[in-house]
Amino acid sequence: MPRGASPKREREYQKLERKFKQEGRYAGREEEVAARIVNKQRAESGETKEAKPRHKPAARSASRRKSRRSHSTRRAAR
């Protein structure tokens, strides 16, 4: 776990790791997956140094929308 993790997050990490080992999930990668889950939760709740926003799809450009629209009208004409 990262240096800035709270005791609560440390416990959560250990609990996830034990759970994955017990269930046999993520064979050999239990630590990595548990750390990723906890780090993601920390980032989403603003506990990290710089919380990264969730990925949002980029808006389509006007030319892309236009070409897509003309493509769909070609299909209708057939």
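Values quoted throughout were computed directly from the atomic coordinates according to the rules given, and no laboratory measurement underlies them. Just so it is clear, the model here is predicted, and its values are computed rather than measured. No Cβ is skipped: glycine too gets one built from the backbone with ideal geometry, and neighbour counts run over all protein chains shown.
Things to note:
- What the phi angles of the range 35-49 give under the Karplus curve with 6.51, -1.76 and 1.60, with θ = phi - 60°, is a coupling list of 5, 4, 4, 5, 5, 5, 5, 4, 5, 5, 8, x, 7, 8, 4 Hz, glycine and proline written as x.
- The length gained on full extension between residue 27 and residue 45, counted as 0.36 nm times the residue separation minus their Cα-Cα distance, comes to 3.6 nm.
- The trypsin sites (Lys or Arg not before Pro) of the range 4-52 that DSSP puts in a loop, and whose beta carbon has at most 14 other beta carbons within 10 Å, are 25, 29, 49.
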